[in-house]
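Colleague: Structure incoming, see below.
The values are calculated or read from the model by the stated rules, or taken from the named source; none is laboratory data. Everything numeric in this text was worked out from a predicted model, so none of it was measured. We place every Cβ from the backbone using ideal geometry, glycine too, and count neighbours over all the protein chains shown.
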Amino acid sequence: YGALKVTIAQFYRVSGWSTQNRGVETSLVLPSLYNARDIGESTLDNALPWRSIDQVSYRVSGNLKKVLPKLKQLSENRIANSEFFQKVKEDVQEYLTTIKPLKYTSILKMQEDDLRRKTQRDQELESASEKADEDNSDDTEIEEEKKEIQRDEYMKESLEILSDYIKLQKK
């Protein structure tokens, strides 16, 4: 009983860049404990190296180069003023200063710690939400979903970035 996973080929994007080892790099990064960790295939022994090949001819749709600096600035400003993201940044700093670099075997423990922290924060948010909801016990399903999105700070910031992008495209 067991399994063996062998990668025998690499995947390349139209840009010629491989997703091997680095994954798909993002243009806008929200604070997260996962960003501070060395996890993923690049941390494994004998991982295939990142490579590139000649790109193919393709048409770029919606060039972000013009608006990306402004999107980053707007997002960074919101994050700087967000109590939630400041707490996430504190968690990241605590991790970087007090926990040794990850070993493959400790990933599970870190995930358990994250789940415990998230559960605690969710309980705190739920408690605060229940107090606010006492007046509105007849909320519809749509209203409940809206509230769920409002409690998800990552979703909120993602929607803010999308809104910024749409506004910048209209200029």
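Colleague: If you scan the range 37-69, which residues turn out to be in contact (Cβ under 8 Å) with a residue 60 or more places away in the chain, surrounded by 13 or more Cβ atoms within 10 Å (Cβ to Cβ) and farther than 27 Å from Y165 by Cα?
Modeller: R37, I39, T43
Colleague: Sort out for me the helices (runs of 4 or more DSSP H) sitting completely within the range 96-171 that have 3 or more residues that are modelled with pLDDT of 75 or more, charged (D, E, K, R) and under 23 Å from N35 (Cα atoms).
Modeller: Counting at least 3 such residues, we get 107-133, 153-170.
Colleague: Just to be sure before I move on: is D91 at pLDDT 75 or above and either farther than 24 Å from S163 by Cβ or in contact with a Cys (Cβ under 6 Å, 6 or more places away or on another chain) (or both) in the structure I sent?
Modeller: Working: at pLDDT 75 or above: yes; either farther than 24 Å from S163 by Cβ or in contact with a Cys (Cβ under 6 Å, 6 or more places away or on another chain) (or both): yes.
Answer is yes for this residue.
Colleague: When you check S27 against the structure, is it polar (S, T, N, Q), within 16 Å of D164 (Cβ to Cβ), part of a loop (DSSP other than H, G, I, E, B) and in contact (Cβ under 8 Å) with a residue 24 or more places away in the chain, yes or no?
Modeller: Criteria met by S27.
Colleague: Quick check on this structure: which one of R37, R51 is at pLDDT below 80 and either among the basic types (K, R) or under 17 Å from the mean Cα position of the chain (by Cα) (or both)?
Modeller: Step by step, each of R37, R51 is checked, and only R37 is at pLDDT below 80 and either among the basic types (K, R) or under 17 Å from the mean Cα position of the chain (by Cα) (or both).
Colleague: Please work out which one of (1) surrounded by 10 or more Cβ atoms within 10 Å (Cβ to Cβ); (2) modelled with pLDDT of 85 or more; (3) more than 24 Å from the chain's Cα centre (by Cα) is the condition L28 fails and give its number.
Modeller: Checking L28 against (1) surrounded by 10 or more Cβ atoms within 10 Å (Cβ to Cβ); (2) modelled with pLDDT of 85 or more; (3) more than 24 Å from the chain's Cα centre (by Cα), the one that fails is (3).
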